[in-house]
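A short write-up of the structure that comes next.
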Amino acid sequence: MSNAVRALLMTTGVALIAFGAVFLFFWHAEVVELAGSARLISGLALRAVEAAVLYGGSWLAVKGWNGRWGKQEA
């Protein structure tokens, strides 16, 4: 994998985490105003999206840092 692709993967991972955190911060304010089952459903969806953003962003950043797609030949 070329260094340009590695840098792009790391940059995309960090940007995904940063933009996701900002977006989820503002979405959290909407969830707090809800009540009842709407708050529960929205809260669960918020946590699921947070997990996806953090997992996806960290996966991209680590994949770029490691720089391997397949098996390494010995």
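The values are calculated or read from the model by the stated rules, or taken from the named source; none is laboratory data. As the structure is a computational prediction, the values presented were derived from the model and not from experiment. FYI the Cβ positions are ideal-geometry reconstructions off the backbone, even for glycines, and counts take in every protein chain you see.
Within the range 1-47, the only residue that satisfies the criterion of being surrounded by 15 or more Cβ atoms within 10 Å (Cβ to Cβ), at pLDDT 90 or above and polar (S, T, N, Q) is Thr12. Of all residues in the range 48-65, those being surrounded by 11 or more Cβ atoms within 10 Å (Cβ to Cβ), closer than 16 Å to Trp27 by Cα and either without any contact (Cβ under 8 Å) to a residue 12 or more places away in the chain or over 12 Å from the mean Cα position of the chain (by Cα) (or both) number 1.
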